[in-house]
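These notes concern the structure reproduced below.
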Amino acid sequence: MKNKFFYLIGGAIVMLCVGYFFTPSYSLSSKAKKEFAKGNYQESLHLATLALEKNPYNRAAFSLVNQSRQRLNFQKFLQKTQASYEKILKLLQNPSITPQEFLEIQWLYEIFSQEYSNLYFFKNKTKTEKEEVENYAQWFKQLKEKIDLAKSQINH
């Protein structure tokens, strides 16, 4: 009698585990995890969001949604920073800078500075990403010093 009870309980546990691992939500979050590992953060976000729609209590999917969003935001930061960097370099190639161009450079610096300060919440940067961000930070810091110097020369 006891053996039948243990077999029944064991079978129920196995059925619950099998049912959990083959649910659509778990299957989608598993695919999302694979896409995340490949660096396909947009697809990972999409799949994890679908998994959460099927089961809002899926912790793996919830975690992947947040991680994917974080990675996508970081990539967006790097793209925007690269574009700002290139725009500033182009403006600085002119023999003289108009007041409007000077303000644009200041504005681009301020945008970088604010977004850079928000990066401390981002974890798990790769070594290359850390170096890239720090190189930009150093370049923009030097730019700020030049902006301040130009301002002081204008005011005197």
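Coordinate-derived values only; no laboratory data. Bear in mind that the values here come from a model prediction, so they are computed numbers and not experimental data. Reconstructed Cβ throughout: ideal geometry from the backbone, glycine too, with neighbour counts over all protein chains shown.
Observations
- Most positive-pole-ward Cα, Thr128, Tyr116, Phe140, against dipole of the stretch 97-156 from beta carbon charges: Thr128
- Gained length - Ala150 relative to Ile111, 0.36 nm times residue gap less alpha-carbon distance: 12.1 nm
- Qualifying trypsin sites (Lys or Arg not before Pro) in the stretch 32-62, where qualification requires a DSSP coil assignment and no more than 14 other C-beta atoms within 10 Å, are lacking entirely.
- Stokes-Einstein diffusion coefficient of the stretch 15-111, Kirkwood radius over Cα pairs, 10 °C, 1.306 mPa s, in µm²/s: 99 µm²/s
- Residues in the stretch 102-132 reached by a label modelled at Ser63 [backbone nitrogen below 19 Å; 7 Å Cα→Cβ]: 122-126
- The residue among Phe102, Asn66, Phe77 whose Cα reaches farthest toward the positive pole of the charge dipole of the stretch 63-109, with charges on the beta-carbon of Lys, Arg, Asp and Glu, is Asn66.
- Extending 7 Å from Cα along the Cβ direction at Lys80 and again at Leu119 yields two label points whose distance is 1.3 nm.
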